[in-house]
Amino acid sequence: MFVEEKKIHISKPLELNSGKVLSAYDLMYETYGQLNDDKSNAVLVCHALSGNHHVAGLHKGDEKPGWWDNMIGSSKPINTDKLFVVCMNNLGGCHGSTGPTSINEETNNPYGFEFPIVTVQDWVNSQKVLMDEFGIDKWQFIIGGSLGGMQALQWSLDYPDNVNNAIIIAASPKLTAQNIAFNEVARQAITSDPDWCDGNYIKENKIPKRGLALARMLGHITYLSDESMAKKFGRDLKQDKINFNFDVEFQIESYLRYQGEKFVTSFDANTYLLMTKALDYYDPFNETDFIERMSKSRSRFLVISFTSDWRFPPRRSEEIVKTLIKFNKDVSYACIKSDGGHDAFLMKNDDYFEIMRTYIEANING
């Protein structure tokens, strides 16, 4: 399935939670499947921290499919034979939507570190703008894993009349102190890089490669489980003997360095800071008007967790489930056995895929 990315320019100002205003902005997105005549088969997929709008299919000339290609497509759990799927690169991103790498029209320079901090609620508001551009009244499903799942939950609170089903996967109602700590270490790695240039490295024709690679390596460790790392790498050496030096000797070291180096070529450091801050700030159940907004939510919910996910373990998903039950919401919950860690939501798993397929088929018409 070949797909093309599309960009829309929004000239209506968007007020952010921080009080800052984007006077105009671009949204990059992709679509899959066909929107039916009454526009009742629309699905919004929300991406996680390092994701983007290229969620499925192939771009011409590129052999790498979208990041959830195993889930979305013809006859797949999110079945594009029946559904019209939209995925957007979030504001503050670095894959086409307005963000730190974009040119600030007021200065004719990249926004860089001056790009305003954005929140999950800001992303939902901008996604609603895109929804209106399509003329869609309701999302049949809003689906996301990790930070994407938080956006699905936020939609049900902010726009209760526009969501029929929210599928929240490997997510959490808020970060623990430990998770905030991981994010802060990652940010410090980036901002301590000698090429950070106070966040204006693009203007200086530099990239804080070392810091961004370290941030990615740290993050990647938290996305995997001990079991998955043991199964894939164990204590295997790159060579047949120990060399008694500080170069790469174990396969896991080589893998992490590769992931860090690859990430530097495809992601922006300021965007990484913005995404982690959005995670840190997310805490909808503690908002002063939460009870009122949750009471108005009309969505059905499917919440999914994974046994080996220690970044957002099952008990965090169960906090969401218990809160939804407390407010008498229609909620289904599944805890999937997997050794994939937090990244299990991206991996093929028969039980996981069957639950997704069954829930979507059962609710596809309303």
* To do: For the stretch 295-308, state whether one or more residues are of a type in the set (A, V, I, L, M), closer than 19 Å to His47 by Cβ and assigned to a loop (DSSP other than H, G, I, E, B).
  => no
* Would you say Leu58 is over 22 Å from Ser172 (Cα atoms) and hydrophobic (A, V, I, L, M, F, W, C)? -> yes
* the stretch 112-153 - residue that is assigned to a loop (DSSP other than H, G, I, E, B) and out of contact with any helix residue (DSSP H, G or I) (no Cβ under 8 Å at 6 or more places or on another chain) and, of those, surrounded by the most Cβ atoms within 10 Å (Cβ to Cβ) -> Ile136
* **Residues of the stretch 310-346 classified as among the hydrophobic types (A, V, I, L, M, F, W, C), touching a residue at least 60 places away in the same chain (Cβ under 8 Å) and within 29 Å of Ser40 (Cα to Cα), total** => 3
* Looking only at the stretch 255-294, count how many residues are hydroxyl-bearing (Ser, Thr, Tyr) and assigned to a loop (DSSP other than H, G, I, E, B). => 4
* Asked: Any idea which residue in the stretch 34-49 is farthest from the chain's Cα centre (by Cα), counting only those that are within 23 Å of Arg311 (Cβ to Cβ) and surrounded by 21 or more Cβ atoms within 10 Å (Cβ to Cβ)?
  -> Val45
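All of the numbers you see were taken from the coordinates with simple rules; none came from a lab. The shown structure was predicted, so the numbers you read here are calculated from the model rather than taken from an experiment. Note: ideal-geometry Cβ built from the backbone for every residue, glycine included; neighbour counts use all protein chains shown.
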